[in-house]
Structure formats: structure tokens, C-alpha cells
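Remarks on the structure that follows.
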């Protein structure tokens, strides 16, 4: 049992994502093939069943990544050999395994744009493909959209609470595995953060990388003064000095005395309101009015709102754990459901999990000033007032949309936030958003027995 | 702003993980170099500051992955060019950038074994390396250990609550990004789950893959009866049929009538206690005593304990969202702190975040029957009663330990759970575990001013 082996990284190559899926997708794929449904045209829709606690809207995010992965999705020779050997598949004929060699996604994907504010019950992504291909995408699609949407939604609240002060993503170490930090840097930036501490995300995405120093830097020198000076000798006026390693206000005094004057100090513990007020006063008295105050340490939208409400002279916030884990709402009930097969509506009646039949469209209705009034869900091709939100991204397995840059998604997210009714923008809202289903859709749902 | 571009996958190659770190690690690395501390021997320790809510112990997990990644860690040419262009590094001489080409981790890593039950305040990993190299690992180490430990700890509770009934990992779609599912499959399996729905994890790790069918399978046929029959035609006695798509008990009756008799039914919604009792009765009356009942649908340890306590005849549980996100405790306050530099103890006094100086060891003290009594934290080389838990894994950048197989880690985790005092095994424990610091360690801490 204890024989030695090379340590396994468990960081697969992208080419191996074709089996990053639930087994039942493959079981069903083989089953559709055997049952003669392998070419049946299926429409699946992805939506959020219910908003998580403490959320009155979501910011949709993660589309670009999953589109890139879907376009490259395949199953390798080695993976096919593994499947052939599984006891589950012993009765499956060799034809199905052979067909996996050339399996690529050849269907259509429609989607809401990233950065759009969205609500429970509305279809965010629509996949039209052969039943097996549509099934194949399910797990990857959900895993790739669930989390960025969760983080972008949390970040949007945090950025709003900061009222124009900068918010940095400091979460990399607390994410659910090292990969989540990549997704979170992007999702939090598109929702309004102004930078990330995660260097590789910053590099790949063109996000401003942000960083100060850790306590270990201070601890590595004989005194705090030596540590500050050594850092400033390197980084000059760009320096941000961490002042709370030993005694915070003493640290502030030392940071205020350093030459040249530094860009900022960072306070990472203690009573941030009290300490920031005293720090501001020390800095101002030392002719350091230009030196900014950065706060960090388990911050979230509520603590930031409280600090700003109480007049804390904090210029920017580094937010880690609470944002990267969306700690007060760490899961999103995003699902992917069959709604149409060969042109006929499909439903499900499971308790608390009913779904509406047929391919759909969201029509967003706004008032004259652009504020969102309601979403009307219609059949896909139905005429309606309001702007349709689902647009074609992939057709027959090829990208047909011009994907926006991250900067333009960020700009879109900002304008979307501003178009929310004020009642949905408060941190602890009881207000809920109106989603209507068109008469045609309701009639079809009733006809099929959805109450 | 809207110019078209190829969609970015944001799934980096393993060779690019060298910058999957916080910017301040690099800032400090360059700073140590400039300040003449580039070769200073530093000891960092990784520990959990405080147990999360609802946890009385943790199951340590994730070591093998991070060791594999550390051994391969490097910084690519392209990444170095990116750093050279960052405004932050404008004053840094070219020598430091040049040195990054050959940067590899050449230090030592000591660690507790995976599967070991651990507590707040005790050092779980010790890194001894040059200050810059030790700093370089911080973010990756925390991101790689935090999450698997969180999931293994949650899974351990869920498995305990199931009292010997099987628990499957069904979480892939709800993880924080598609990569987290790999880590979670492994962490939940080592903590006692009996399989995972995630095929690629199963393939890479040798975990049993598990799967049934989705509602979409049922919806794809003209009737539930047709759907059941088509599946059984493929998978025969191995079939597990999902019975709650339309009307659950009617679904059970239909599943009970299928030939050949099937392995199991799955109920995914509704009142699981009531439905499982009625389903059992229907199955038994139909001469289907061998057909098992699998339950799923937002389960966690509390719901499982309640179901079993109330006598629900459920044979196994599929657990998704709550386990893969560790939803009631989605973050772990795992930190990595400098404790020694060039043989001298280092401390930090930040409010609520004090650390003990010097390289340390955990000595675990057990009673005659093997039950854990307490952990004594000592200086690294201090003699003490109890079994030392930190063992050398990497020396001078090379693997020196024989890493256990996943099966033997799982066996170790089981025996560890059984060695917990009963007071720590209840789901809602108020009991806490005793960690003692040796006299020598306390004296040194006092000498350096840690209260």
C-alpha cells in the first residue's frame, strides 16, 4: 500500500478537460447512442434556480473561458481506453467508444453577455446540439460559470460599498485551489476591482498587479525602521509600508519619517476605524498628506460600508477571503436543464425544481432613463417589448461572436450596475426583481402540466 | 474597446505556475536580493489560525499536489519579460531578473502526513530555504493546502454522519471553478467517500467513478417507462434509475417493474425520509429487496444525520454543493509565517495574529488505546513525549519521502478519525482540543515579547 510513486500534480493539461465531467454524462451519451437518440436535436438552458442569501442580483461572468474550453473540447486516446475498461460500460458496443475519437462540440451556444446583471429563473445560456453533445458540456459549463458569477456578484457589492475608493483582489491564497484565483481575479476586476495581487492572472489578463509587503519582510530585519528603509531603498516613492507587525501607530510614525515620502501605508489588523483616523492624523502632521492608507484583513462589503459610514479615512481596500470564496454565499444553484427535444417542449416536475419548456429568450424592459423595470421570458422567437439578452456565440461548433475585451466587459458591468433600481442596490435588500413569463410560454407550460 | 480576440481559456500550463503568486512575494524577493538577504536561511511555518465554525478538527490534505508543483516550479522567459516591464520593478537591477531564469526551489519541506487530524495553532508544514525561495512558495502552498483540507474536513463529518452508508462526491458542477473538482474528489475520497462522479479525477487518481442518470435522460423519452427501459436495455442490472422527474412514487413503481431488477433507484428531491420509506415498501412488495435507495439533493452532515436518525431506509448518499464548497465554513484561516531567520526566532505581534518564534515540531500524545490526548508544540529538535508529526518531505529541493498512495492516506485518515476523543466527533461539539507549548518555546516567546 505504501509503495513510492512520483507525486501527482493533478493539474491536467487543457486537452484532458473532455472527461472533466460527471460520469452520468458519459453514461447518458452512450445510452442516447444506443437508443437511437444520438442525433436528436436537444436544447438545454442554464439558469440560476434561486438567488443566494444576501444577493438581490448577480453579475454574469465566466463565459469567455468556458467558450474557449468548449471549442477545444475532445477526448484523448488514453481517456477512451480508460472508459472502455470501466465495468459500467461493459455492455456498450465498441462503436460508441470509437466515435469518441472524433467527438467535438458542433452545436450552438447562445448567451447573455458577461457583466450583465441577471436574476433567478431567466435562461443565461442556451445550448442547442445533439443530445449527447449538449449533455457532454453540462458539468464544465456549470463549473465554469457558477464560480465567476458568484465572485463577480460579491465583488460588485464590495465595490459598491467602497463608494469609489479602490478595491484590490488579495484573495489568491484563500481560493478553492490555486486555479480559482485566476477566475476570481478576472471576475472581481470585471465587477469593478482596480487590480489583483495575483501576478499570473494580471499578466494573462492585462489587469494591474498590486502588492505591498508581507509581515515577513518586516520580521526579516533587525528593526521595523531598518525594514522600512530597505524597502524604500528599493522601491522609493512607490512603496507601501505595512505598519502593523509590532505596534501599529508606532509603525505609522516610522513610515511617516521615511525619506522619500511613500505612496501608502497598509493596516492589516486591529480596529481599522480608530487606527486609520490616528494614522491619518500622524501622516498629516508629518507633512505626509499625500501618503494614502490601505486597509486589509478579512474585509467584506459590510465592514467596508461601516468603515466608510463612520468616516474612516481609508483610501483603498485589499479584499481577500470574503470575496474569493463569496463567503456569505459560497454556492450558486445554477442548473442546466433540457427544455426542448426535436422541437417539442420538455419539462420536469420534481418538487421545488420545476422547469419551463421550450427554448427561451430574455427581454429586458427599461424605463426612459435606462433603469431596468423587468425581464420578460418568452419563447425564443417570440416578439416582445424589451431588449433581447441572449445572443449567438457559437454556431455549429464555431465562434460567431466578437467577444468583448475585459475592459469593455468591465465598462458594461458598471453601466449595468447603474441601471439597477435603487431598491436592489442596497446591501440588505428585501426587494426582489420581477420576472414575467409570456402568455405563450405559460400556455405551453400549462399544456404540459407544469403548474 | 470591442475588438475581436481569440477566447482565453485561463487554464495555464503547469510550467506557468511560477507566477501563480501574489505580487508582494516577488517584490520582497527582489528586495531581499537588493538588501543582501538573498541567501539568508529562513524558516516559515504553515498553520491554521483558528478552526472554522462548526469544526472541531481538520483532516490535513493536499500535500502531494503541492509537492509535485513545488518540485517543478520555475519562471518562464515570457514571465520574466513581463516582470521587467512592470512599473513596480523599474528600479530593480537586471541581475535579479536574470537570476529568475535558473530559480528552482532548493530548500527543505517538512510536513504532517495527509489524512492526519490536526488542530488550530500547530505547524502543519515547515519550509526552510533562502528567504526569497521560501517567500516564493507562500501563495501556492496556501492555495493548494487550504482547500483540500477544508473539503477533507467537511467530508469526514459527512462520512461520519452516514454511519457506514456510502457517500459519493457529486459536487463537480458546483465547485469554485472546474479545477477545484479535481482537488475535491481526492480530498473527499481520502476522508472516506467511496467514489466520485468526476471522471477525470477518477481516472487520474484511481477512485471509483460513480454515476446514475440526469433528469434530462427521463425527459428525452416519450414516457418515464420508455426512459427506464431504454436505460436498462443498455446497463442491465447495473442500472440506477432516477425516479423523481415527474411523480416520485409513481416513478418508484415503474422502476420496480423493470426487468431485469435494477441495482438502485435515486431520489433527488422532496421529503427524503417519507419518500424513502414509501419507496422501500414499494420495492419490497415488488420483490425488489435487492434494489438499493440512493438519495441526493443538497445534502450535508446534518440532513444525513437527521435522515438516519429518523430511520430513513437510504443506502447511500450523493453529496454535492455542501461538500465541494464546504458551504458552512467555506474558508480556512491557514497562514504561512516567518518564525526563524539565520537561526534566530522571529515573531509578529499584530492584534489577534501573534505568532510563536522558532522552527517547531508537533508531538502527539495518545492514551494506551491510541486516543489522542493532546498535542505538545516544541522547538524543532526538542525532546518530548509523544510522536513527532512533522517529517521531512523535500531536502535541498529533492523529494526524500516515500509518498503514501491515496488508498493508504485514506486508511490513515480512517484510523485518525477513530483516534479522536468522542467529544470531538459529535457534529455540534463545544469541546476543544488541547495544544500545549513547551516551556522552552514559551520562554523564548516571552523573551521576544509575545505575551
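Numbers at a glance
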item	result
Using alpha-carbon coordinates, inclination of helix A:224-235 to the longest axis of chain A, degrees	60 degrees
Exposure proxy order (Cβ contacts within 10 Å, fewest to most) of A:193, B:234	B:234, A:193
Zero-based 10 Å bins, Cα pair distances in the stretch A:16-70, whole percents	16, 33, 34, 15, 2
Equivalent-ellipsoid semi-axes of chain B, from the Cα gyration tensor, Å, largest first	47, 29, 16
The stretch A:110-179 versus the stretch A:349-402: alpha-carbon centroid distance in Å	17 Å
Folded to 0 to 90 degrees: helix A:406-418 orientation relative to chain A principal axis, Cα	90 degrees
Backbone N within the stretch B:315-340 under 20 Å of label point (7 Å from residue A:53 Cα along the Cβ vector)	B:320-333
C-alpha long axis of helix B:272-285 to longest principal axis of chain B, angle in °	40 degrees
Percent RCO, i.e. relative contact order, over the stretch B:155-324, from Cα pairs under 8 Å lying at least 6 residues apart	25 percent
Rounded to 5, percent antiparallel among DSSP beta bridges of the protein assembly as shown	65 percent
For A:232, A:422, A:118, order by how many other beta-carbon atoms lie within 10 Å, fewest first	A:422, A:232, A:118
Three-way shape label, the stretch A:13-151, alpha-carbon gyration tensor, a/c 1.5	prolate
Prolate/oblate/rounded call for the stretch B:67-121, Cα gyration tensor, a/c under 1.5 rounded	prolate
Hypothetical label at residue B:223: residues of the stretch A:347-383 whose amide nitrogen lies under 19 Å (7 Å Cα-Cβ projection)	A:347-349
Chain A - share of DSSP beta bridges that are antiparallel (%, nearest 5)	65 percent
Amide N proximity, the stretch B:423-450 versus residue A:250 label position 7 Å along Cα-to-Cβ, cut-off under 11 Å	B:449
Label geometry 7 Å along the beta-carbon vector: residue A:421 inter-copy distances in nm	5.5
At R0 = 22 Å, FRET efficiency that the Cβ-Cβ distance of residue B:5 and residue B:81 yields, to 0.05	0.60
Residue B:14-residue B:369 FRET efficiency (beta carbon distance; Förster radius 56 Å; 0.05 resolution)	0.80
Alpha carbon convex hull of the stretch B:155-324, volume per residue in cubic angstrom	107 Å³
Rel. contact order, % - alpha carbon contacts under 8 angstrom, at least six apart, chain B	20 percent
Percent of beta bridges antiparallel (DSSP, the stretch A:159-324, rounded to nearest 5)	0 percent
Alpha-carbon Debye profile of the stretch A:314-451, log10 I(q)/I(0) at 0.13, 0.17 Å⁻¹	-0.86, -1.31
Cα→Cβ-extended label distance, 7 Å offset, between residue B:39 and residue A:290, nm	3.9 nm
Residue-averaged 222 nm ellipticity for chain A, from DSSP H runs of 4+ at -39500 (n - 2.57), nearest 500	-11000 deg cm²/dmol
Cα convex hull of the protein assembly as shown, projected area averaged across orientations, nm²	36.1 nm²
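Bear in mind these aren't lab numbers, they're just calculated from the coordinates by the rules spelled out. What you are looking at is a predicted structure, and each value in this text was computed from that prediction instead of being measured. All Cβ positions, glycine included, derive from the backbone under ideal geometry; neighbour counts span all protein chains shown.
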